[in-house]
Amino acid sequence: MKKILKAFFLGIGAGAAISIGGYFFMLCKAYIPTYGQYIGALCFPIGLLIVCYCSFYLYTGKIGFILHAEDKKQSIIDLIVMLIGNVVGAFLCGMILHYAYANDQVMVDTLASLTKAKTADLIGPVWFSAGCWVMLKGIGCGAFVYLAVFCYKTFKHHILKILGIFISIFAFVALGLEHCIANAFYVSFNFDFTNGGIYLNFLYALIGNSLGALALDRIFEFVKWTFRKQQKN
């Protein structure tokens, strides 16, 4: 029970941390013309830096390493619980900011536009192709988040850790890829829960994030195995 509670509360912390990155991204996108998305992409990595250095539990940062766990059953339970915590943390932060910016029409319009773009066509005649596109963008995002956490775990020097996180996360945000927890924050910030597309977006992004992280982990393991095999020969 203690492990489950720990995963849940550290998951809430991770959801809140990602929301901080998402908040700075939205500020830049809303108030800086032309290049706001890219400047915001430079700010977004703050969220994962907080997650890593505070040892919070972020689903998209953990799922790629699940195959390395000794107790896989417990790790799967922890993943499910932390995912719920991530959503709760992102939802709470989004709700608070929604009321804080309720009278800010620039932010309201920017959020509405972002949410509409993320859920476009997920309910309609082209839902399958739209869903596949969201999932593909989720796969790319999952791979970048895995790479960021891999750099944090692998590099010994803190400058390299920070650079690895910043470059990886900047890349996925600047490219407009889909991160399920960040999307949960944007949706709650926008406070539009009647659009069924937001739930499909979360599901497709979640699947994509998981597949991307797991795929990159297997690629890295294959490269390591090949390198060790060559050294033996």
*Among LYS2/LYS224; LYS153/LYS229; LYS3/LYS153; LYS62/LYS118; LYS29/LYS153, which pairs are too far apart, with a Cα-Cα distance over 28 Å?*
LYS2/LYS224; LYS29/LYS153
*asked:* From the phi angles alone, apply the Karplus equation (6.51, -1.76, 1.60; θ = phi - 60°) to segment 157-166 and give each ³J(HN,Hα) in whole Hz, x where the residue is Gly or Pro.
replied: 7, 5, 5, 5, 4, 5, 4, x, 5, 4
*Cα-centred dipole magnitude for segment 108-176, charges only on beta-carbon of K, R (+1) and D, E (-1), debye, nearest 20*: 320 debye
*Give a residue-ordered list of calculated ³J(HN,Hα) values for segment 119-130 (Karplus: 6.51 cos²θ - 1.76 cosθ + 1.60, θ = phi - 60°; whole Hz; x for Gly, Pro).*
10, 4, 6, 6, 10, x, x, 10, 4, 5, 5, 5
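So how do 211-222, 8-19, 117-128 stack up, highest first, on mean other-Cβ count within 10 Å? Provide the component values of the computation, followed by the final result.
Numbers: 211-222: 17.3, 8-19: 24.9, 117-128: 14.3.
Per-residue Cβ counts within 10 Å, averaged per peptide and sorted highest first, yield 8-19, 211-222, 117-128.
Enter the accessible area per residue of the chain (Å², integer; probe 1.4 Å; all protein chains in place). Walk me through the numbers before you get to the answer.
Values: 12090 Å² over 233 residues.
Accessible area per residue: 52 Å².
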*Carbon and sulfur atoms: what percent of the 1.4 Å accessible area of segment 27-185 do they account for?*
71 percent
*Taking the Cα centre of the chain as the origin, how large is its charge dipole in debye, to the nearest 20, when only Lys and Arg (+1) and Asp and Glu (-1) carry charge on their Cβ atoms?*
1020 debye
*Identify, among ALA143, LEU111, PRO33, the residue whose Cα sits farthest towards the positive end of the charge dipole of the chain, taking +1 on the Cβ of Lys and Arg and -1 on the Cβ of Asp and Glu, with the dipole about the Cα centre.*
ALA143
*How many percent of the alpha carbon pairs in the chain exceed a separation of 23 Å?*
47 percent
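The values are calculated or read from the model by the stated rules, or taken from the named source; none is laboratory data. Computed from a prediction, not measured in an experiment: that's the story for all the values here. Please note: Cβ atoms are built from the backbone with ideal geometry, for glycine as well, and neighbour counts cover all protein chains shown. Accessible surface areas use protein heavy atoms only, side chains included; no ligands, DNA or RNA. Shrake-Rupley method; radii C 1.70, N 1.55, O 1.52, S 1.80 Å.
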